[in-house]
Amino acid sequence: MGESVANNEHERLESLSKYDILDTPADPAFDDLASLAAQLCNVPVSLISFLDRDREWIKSEVGTSVREIPRDHAFAKRAVYSNDFVVVSDPGADEELRDNPLVKDEPHARFFAGWPLINPQGVAVGALYVVDDHMHHLTDQQTQILRVLGHEAVMLLELRRELHESRERNARLIAELDEMRLKLQDQSTEHVRVEIALKQRERQLSDAQRIAHLGSWEWDLRTNSVTWSDELFRIYGVKPNQFEATYEAYLRYVHPEDRVKTNHAVERALVARGSFNTEERIVRADGTVRVLLTCGEVIRNEKGEPARMVGCCYDITERKQIENELHHSLSLLNGTIEATADGILVVDMDQKIVQFNRKFAELWHFPKQFASIYEEGRLVNIASDQLKDPVGFRQKVASIYKSPECDSFDVLEFKDGRTFERYSCPQYLGGKPVGRVWSFRDVTERERAVQVMRLSEERYRSLVLASAQIVWSTDAAGQVMEDSPSWRAFTGQTVAEMKGRGWLSIVHPRDRARIAEMWEHATRTGSAYQVEFRIRRADSEWRYVTTRGVPVREKDGKIREWVGYCVDITDIKNANDVILKERDFSNALISSLPGIFYVLDETGLNMRWNENLEKVSGYSSLEISKMRGPDFVADDEKQLLSERIHKVFDTGEADVELQLLTKSGERVPFYCTGRLVHLDGRASLVGVGIDVSELKRAEAENKRLNAELEHRVQERTVQLNEATKEMATFTYTASHDLRSPIRAIVGFARAIREDAAHLLDEESRLYLDRIIHASDRMMQLIDDLLKYCRVGQQAVHLRAVSIQKLIEEIFQEFEPRLKSVGGEVSMASDLPRVLGDSTLLHQIFDNLIENAITYRKQQEPLRIDVNWRKGVDDVVIFVSDNGIGIAPHHHQRIFEVFQRLHGLDDFPGTGIGLATVKRSVEKLGGEVWVESELGKGSVFCVRLKAVDNGGSNGS
Ligand code: ADP
């Protein structure tokens with residue numbers, strides 16, 4: 001590239017020389033551009049330089065005093081030859097730049113970046129570049145700003161060239177004019193031609209000036225007359241005839257604040273420098289202010305004395321304005337960034353820090369120089385370590401950087417208790433994201449305040465809910481305009497929701513139309529109102545409220561607003577409902593009672609009653625209301641009823657059976673109760689009465705029937721006794737009468753058996769034996785039956801009988817039989833005496849001992865024992881054996897007549913013995929039972945009357 005550029009070098013140097021810029025004094029316009037570049041790129045050093053044949057000549061510089069750099073080491077050379085934006089990140093390592101004085105000495109540059117200054121003809125003449133003493137990075141935005149500033153420098157250069165050229169042209173023209181004027185003096189013939197030529201030149205000059213917005217002037221120092229070009233008059237907004245055409249007249253147009261400075265520059269040019277260059281404000285004839293770039297140069301006469309001064313003015317008002325605006329907005333931006341309470345960090349697409357404000361460092365507790373200390377990545381780590389959720393934060397940041405165009409917001413919680421709101425949005429340049437702005441706001445206090453407010457709101461809500469009082473107001477038209485905290489607290493509506501007629505939306509759908517209409521009516525007519533309806537409470541429960549609203553009027557009677565309150569009456573209403581239901585229930589209960597119901601006060605007056613009382617008594621409701629309890633009975637019972645009523649009030653309860661006296665004089669038997677209760681704080685008697693007519697009738701009938709029955713039973717008993725007697729007599733007579741013929745049969749049969757047996761064959765003998773046997777049995781049966789009958793018939797003579805003696809006698813009687821069967825008997829030695837009949841007693845124990853012998857076990861020697869036990873006024877005698885025993889289900893049956901448990905082949909008997917025992921024992925006023933199990937022997941128990949101490953001691 002060096003070669004190709006070198007080919008143009010001649011042309012380039014020629015172009016540069018046209019600007020006549022080299023070695024010119026400092027120019028504030030260039031200086032401004034250089035300092036803007038340094039400021040916007042955030043670097044300590046910036047330069048505007050031009051590349052000369054053997055050197056880089058520096059026109060403006062910020063942050064360095066270097067004025068020239070050998071061409072071989074010039075950074076400008078790099079920019080000029082590249083014809084494009086150039087960045088050198090480590091110039092110390094660059095062969096050419098290593099010896100650049102900016103690198104070698106202060107500021108020991110580590111970073112170069114800049115644009116070539118390319119003129120409208122496309123020739124690069126110099127460079128605008130920034131230098132940093134450490135590694136630096138320019139954002140796209142900064143690069144672009146640098147480019148614009150470079151362009152501006154070229155524009156200045158062009159302007160300068162134009163000025164220079166026009167100045168030269170002017171000087172030439174003026175010289176020519178002078179010459180012509182001289183010639184004119186000498187050659188009058190030439191006058192007209194010259195005049196024409198002059199005019200033509202002047203016109204050309206004027207045109208040129210108009211086109212370039214460049215005014216020129218000339219000041220004849222000798223005559224103090226000032227000549228302005230047409231364009232200059234236009235710039236000053238002055239007509240030629242209005243201008244006095246002196247230096248002082250010119251000065252008057254200069255803005256008072258710039259006048260001294262301008263005058264000073266002119267004077268200095270006159271005395272020393274020969275030229276001047278100022279920027280000044282002028283006040284035009286119409287009062288508007290313009291900014292001019294004015295330059296002038298002293299023209300000396302042949303003697304070298306200042307004769308004239310020529311110059312030109314360039315109107316730079318618009319450019320200045322743009323510059324100012326740029327300055328303004330930049331400083332505004334910086335000021336804003338610094339002034340905001342948020343911490344702001346701007347990074348480029350490579351996540352490099354472009355800018356941040358003090359607040360940012362402060363919020364994150366970063367040192368002020370953190371941007372140069374923390375490398376990228378470490379910053380996020382150090383920041384996240386302060387957070388409760390460092391991992392979450394790091395992940396979030398990473399994900400945000402992955403999508404350059406996303407906006408993102410979240411809340412950060414710090415370990416030290418602080419809370420930040422974090423916002424991040426992309427930064428665009430020309431519609432493309434070029435970086436990202438992060439802002440952080442410390443909302444710890446705000447969050448705390450919100451928390452406190454929430455608490456107090458909750459408290460307020462509880463208070464309102466507890467007091468159930470809501471206060472509200474509306475405008476004259478009935479529109480809710482203002483907040484009602486109590487309404488909000490009760491209903492949970494927001495201010496926005498309740499506004500206007502919004503409150504209607506939480507009125508119960510069934511009530512809404514009615515309430516809206518009523519509210520319409522009230523606001524239309526201006527009349528206060530009170531109404532009951534349901535609204536939805538904050539917890540979604542429907543609540544009954546009663547609302548009262550009243551208009552508040554101005555002095556002239558016009559309604560100013562409405563105020564009112566709501567009271568939650570749900571609980572009261574519910575309680576009322578319960579009471580009403582309770583009353584309905586008790587009314588229904590009272591009227592459905594089958595009898596009469598009454599409530600009396602302490603004087604006995606009827607307070608309340610049911611319809612039955614009216615029906616039964618025949619009195620009207622009005623009559624009853626004036627009657628007392630005793631008025632419902634006849635005279636003979638009045639006293640009794642009064643007493644019972646008093647008893648209720650004294651003791652709490654009483655009852656009475658009486659005859660209710662109806663209005664028609666009829667008496668109806670009633671059973672009435674009374675109980676003391678307190679109704680409405682008054683002692684009262686509550687009671688019911690039941691019509692007992694039916695009961696009475698049934699009772700009488702019952703009595704009558706019982707009497708009748710008794711009578712019949714007695715009659716029947718007599719009949720039965722007679723029949724039994726007859727039966728017994730018959731049985732006895734029949735048995736007795738049967739004895740003789742049977743005895744005869746037995747006698748004759750035995751006679752035949754003994755005397756004529758030989759006459760009979762074997763079969764006849766067998767028959768005869770059977771006749772004898774059957775007859776014996778018949779005799780036995782008849783004897784037993786007679787015994788049984790006798791027990792029923794015979795009179796009983798009660799006296800003391802010794803059981804000891806009796807049993808001894810019986811054992812003696814059975815001795816032969818006992819011997820034959822080989823039995824063993826025993827008896828208690830102190831068997832008692834009883835009150836009884838000795839015949840019956842003998843029969844009883846004779847039977848029992850005989851059975852004990854009969855029903856013995858074949859394989860076991862018989863044992864019989866007689867013992868006893870004393871009762872209160874009786875004794876029980878036990879006759880025990882070790883015989884075959886009796887199954888429990890037969891224990892009753894064996895005491896009935898003819899009941900036997902065995903066939904005759906097994907054990908002989910008639911089945912009458914135990915029946916006789918039972919009959920005898922009962923005749924003596926005792927009882928008999930058996931305790932036995934099959935195969936385990938039996939105990940027959942006989943309870944008999946004991947002999948009291950005074951009893952006789954008979955045998
Ligand atoms: P019987 O003349 O048959 O003995 P009872 O009236 O004396 O008539 O007895 C009725 C029945 O009771 C007997 O047939 C017998 O089966 C039973 N019985 C009576 N005493 C005893 C006893 N001591 N042991 C077992 N069975 C008995």
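Computed from the coordinates by the stated procedures, all read-outs in this text should not be read as laboratory data. Remember, it's a predicted structure, so these values are computed and weren't measured experimentally. Cβ coordinates were reconstructed from backbone atoms using ideal geometry, including for glycine residues, and neighbour counts include every protein chain displayed.
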- prompt: Ordered by packing density, taken as the mean number of other Cβ atoms within 10 Å over each peptide's residues, highest first, how do 779-785, 859-865, 832-838 rank?
  reply: 832-838, 779-785, 859-865
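Ignoring everything except DSSP H segments at least 4 long, calculate the 222 nm mean residue ellipticity for the chain; use -39,500 (n - 2.57) per segment, divide by total residues, nearest 500.
Values: 28 runs with 438 residues, N = 955.
Helix contribution divided over all residues of the chain: -15000 deg cm²/dmol.
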message: Test of the criteria: in the range 552-652, which trypsin sites (Lys or Arg not before Pro) are in a DSSP loop and have at most 11 other Cβ atoms within 10 angstrom of their Cβ?
response: K555, K558, K626
With Cα atoms, 0 to 90° folded angle of helix 762-793 axis to the chain main axis: 70
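Remind me, what semi-axes does the range 828-955 give for its equivalent ellipsoid, largest first in whole Å, using sqrt of 5 times each Cα gyration tensor eigenvalue? Kindly include the intermediate steps, with their values, before the conclusion.
Numbers: eigenvalues 140, 50, 31 Å².
So the equivalent ellipsoid measures 27, 16, 13 Å along its semi-axes.
Quote the relative contact order of the range 618-696 in percent (integer), defining contacts as alpha-carbon pairs under 8 Å separated by 6+ residues.
23
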- prompt: Over the chain, what is the mean sequence separation of C-alpha contacts under 8 Å (at least six apart), divided by residue count, expressed as relative contact order in percent?
  reply: 4
- prompt: Roughly what angle does helix 444-467 make with the longest principal axis of the chain, taking Cα atoms, 0 to 90 degrees, to the nearest 10?
  reply: 40
- request: Between beta-carbons, use under 10 Å as the cut-off and find the net charge around D568, counting Lys and Arg +1, Asp and Glu -1.
  value: +2
- request: Measure nothing fancy, just the Cα-based angle from helix 913-923's long axis to the longest principal axis of the chain, in degrees from 0 to 90, nearest 10.
  value: 80
statement: Exposure-ranked with fewest Cβ neighbours within 10 Å first, L600, L504 stand as L504, L600
message: Suppose the chain between A398 and K432 were pulled fully straight at 0.36 nm per residue; how much longer would it get relative to their current alpha carbon spacing?
response: 10.2 nm
- request: Extending each Cα 7 Å along its Cβ direction at E176 and L589, get the distance between those two points in nm, one decimal.
  value: 13.5
Highest average packing first - 124-134, 435-445, 19-29, Cβ atoms within 10 Å: 124-134, 435-445, 19-29
message: I'd like to compare 251-261, 875-885: which one has the highest average count of other Cβ atoms within 10 Å, and what's the full order after that?
response: 875-885, 251-261
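At 37 °C and 0.692 mPa s, what whole-number value in µm²/s does Stokes-Einstein give for the translational diffusion of the chain, with Rh from the Kirkwood sum over Cα pairs? Before the final figure, lay out each step's value.
Details: Rh = 47.4 Å.
Result for D is 69 µm²/s.
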message: Largest first and in whole Å, what are the equivalent-ellipsoid semi-axes of the range 503-603 based on the Cα gyration tensor, each being the root of 5 times an eigenvalue?
response: 42, 19, 12
query: Over what distance in Å are the Cα centres of the range 641-692 and the range 578-596 separated?
result: 19
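Summing Lys, Arg as +1 and Asp, Glu as -1, what charge do residues with Cβ under 13 Å from the Cβ of L332 carry, L332 excluded?
Numbers: positive: none; negative: E325, E338.
It works out to a net charge of -2.
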query: Using 7 Å Cα-to-Cβ label points, what is the K388/D286 separation (nm, one decimal)?
result: 6.7
